[in-house]
Amino acid sequence: MKGIVFTEFLDMVEEKFGLEVVDHIIEAANLKSGGVYTSVGTYDFLEMQSLLINLSERTNISLDDLIYNYGLYFFKVLTDHHPAIFSLYKDPLEMLASIESHIHVQVRKLYPGAELPTFKIVKKEDKFLEILYFSERAMYMFAKALMEKTFEHYHESATIELEKITDDGTQVRFLISTKNDCYTTNRHIKKSA
Ligand code: HEM
């Protein structure tokens, strides 16, 4: 896992829970790196897992909720560091359908050693996308958060349902339905009012 994922994670923990909690989880996690990360380095994912487990124990917040919230936080890192990638897409559904074929392909070049999930498109329609997530890291709640933020970024909204294919969350089905219709309806109501 890339160092930027660790450095930003620890920044979020400091922002939300304070420096004392950062120190506590680094110590309790008993890390090979000692908790010293550089953004361009590559580290064992087990260190992230251990940090998350200790944070969950310390805060009584579930792992799913912590990873989801980290995804919401990390989205800003992506838009700040990679505005060019976002400006290539005008539509959130198009963007999400291109993670595997374009975005993460670029990411592999920019971040050597990155460990990325695999996405497979099952069905793509104008306002609907069914996509499968595969990753040993089971960061499906991180994916859900990034998907929601992608819609927010383009000022659109969607319903995103997820369904675990395997109990451990290493394979997950996402059903994404855009709510463009609401916008059209509201506009129609406004016009006729
Ligand atoms: C400009 C857009 C994006 C960039 C630059 C980017 C980059 C990255 C980077 C650097 C990582 C960490 C890799 C590692 O630690 O080794 C990552 C992981 C990940 N990305 Fe992206 N990403 C982008 C968009 C997205 C979007 C829109 C999604 C939506 C689903 C997504 C889903 C994920 C997930 C789920 C992971 C966690 C790794 C895993 O599940 O195995 N990414 N991405």
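Laboratory data are not the source of any read-out in this text; all were calculated from the coordinates shown. Everything numeric here is computed off the predicted structure, so don't read it as measured data. Heads up, the Cβs are rebuilt from the backbone with ideal geometry, glycines too, and the neighbour counts pull from every protein chain shown.
In region 1-130, taking the dipole from charged Cβ atoms about the Cα centre, the farthest positive-side position among VAL22, PRO92, VAL36 is held by PRO92. A simple spin-label model places pseudo-atoms 7 Å from Cα toward Cβ; at THR42 and ALA114 they are separated by 1.3 nm. Of the residues PHE142, PHE17, PHE134, which exhibits the maximal mean-square fluctuation in a Gaussian network model of the chain defined by a 10 Å Cα contact cut-off? Among PHE142, PHE17, PHE134, the largest GNM mean-square fluctuation belongs to PHE17. If you take the charge dipole of the chain about its Cα centre, with +1 on Lys and Arg Cβ and -1 on Asp and Glu Cβ, which of THR166, SER62, LEU110 is farthest toward its positive end? My answer, from the dipole projection, is LEU110.
When the GluC sites (Glu not before Pro) in region 94-129 are filtered for DSSP coil states and for at most 16 other beta-carbon atoms within 10 Å of their beta-carbon, the remaining sites are GLU115. Around the Cα centre of the chain, unit charges on the Cβ atoms of Lys, Arg, Asp and Glu (plus for the first two, minus for the last two) sum to a dipole of about 860 debye.
In this simple spin-label approximation, ASP126 and ASN69 carry label points 7 Å from Cα along the Cα→Cβ vector, and these lie 4.0 nm apart.
One quarter of the convex hull surface built on the alpha carbon atoms of region 1-55 amounts to 3.1 nm², the projected area averaged over directions. Maximal additional length on extending the ASP91-VAL105 stretch stands at 3.1 nm, based on 0.36 nm per residue less the C-alpha distance.
Working ranking of peptides 157-168, 31-42 by packing, defined as the average number of other Cβ atoms within 10 Å per residue, highest first, is 31-42, 157-168. In the chain, the ratio of gyration radius to Kirkwood radius, Rg to Rh, stands at 1.01 when only Cα atoms are counted.
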